[in-house]
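Inspection log for the structure reproduced underneath, given as structure tokens.
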């Protein structure tokens, strides 16, 4: 980790935290409405996303890699939620935040920071 953390990395950590929170909220709503295993998967992915985002705030490259994997998982869960029609708005927001997060996480400034 070299130098001061770029604003983009901070932004991605915040986006990851928000994405995880939105996913948790959507999963809890789904569970309260009688959702099954899919809601539990969304809940677990949301919790993991928040946990890893905290490592990104500290500039941990392992957290960066794990967060990229979790963003991809967030996309998969979001698409699945759209397909089955559960928590549609939560899925849309989570999917958009994951795409933005991935784009910024691997920008040239972020790459230079994590080298």
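Hey, among the residues in segment 80-98 that are more than 18 Å from residue 28 (Cα to Cα) and modelled with pLDDT of 90 or more, which one's farthest from the chain's Cα centre (by Cα)?
Among those that are more than 18 Å from residue 28 (Cα to Cα) and modelled with pLDDT of 90 or more, it is 83.
Please go through segment 58-81 and give me each residue that is farther than 15 Å from residue 21 by Cβ, surrounded by 15 or more Cβ atoms within 10 Å (Cβ to Cβ) and touching a helix residue (DSSP H, G or I) at 6+ places or on another chain (Cβ under 8 Å), ordered by number. Of everything in segment 58-81, those that are farther than 15 Å from residue 21 by Cβ, surrounded by 15 or more Cβ atoms within 10 Å (Cβ to Cβ) and touching a helix residue (DSSP H, G or I) at 6+ places or on another chain (Cβ under 8 Å) turn out to be 59, 63, 64, 66, 68, 73, 75, 81. Only one of the numbered conditions (1) under 12 Å from residue 105 (Cα atoms); (2) in contact (Cβ under 8 Å) with a residue 24 or more places away in the chain; (3) over 11 Å from the mean Cα position of the chain (by Cα) is violated by residue 29, and that is (1).
Determine which member of the set 15, 44, 69 is free of Cβ contacts under 8 Å to residues at least 12 places away in the same chain and within 18 Å of residue 102 (Cβ to Cβ). Quick ask: steps written out before the conclusion?
Working: 15 fails: free of Cβ contacts under 8 Å to residues at least 12 places away in the same chain; 44 fails: within 18 Å of residue 102 (Cβ to Cβ).
Sole residue among the options that is free of Cβ contacts under 8 Å to residues at least 12 places away in the same chain and within 18 Å of residue 102 (Cβ to Cβ): 69.
The values are calculated or read from the model by the stated rules, or taken from the named source; none is laboratory data. This structure is a prediction, so every number in the text was calculated from the model and none was measured. Counting neighbours? That spans all protein chains shown, and the Cβs are built from the backbone with ideal geometry, glycine included.
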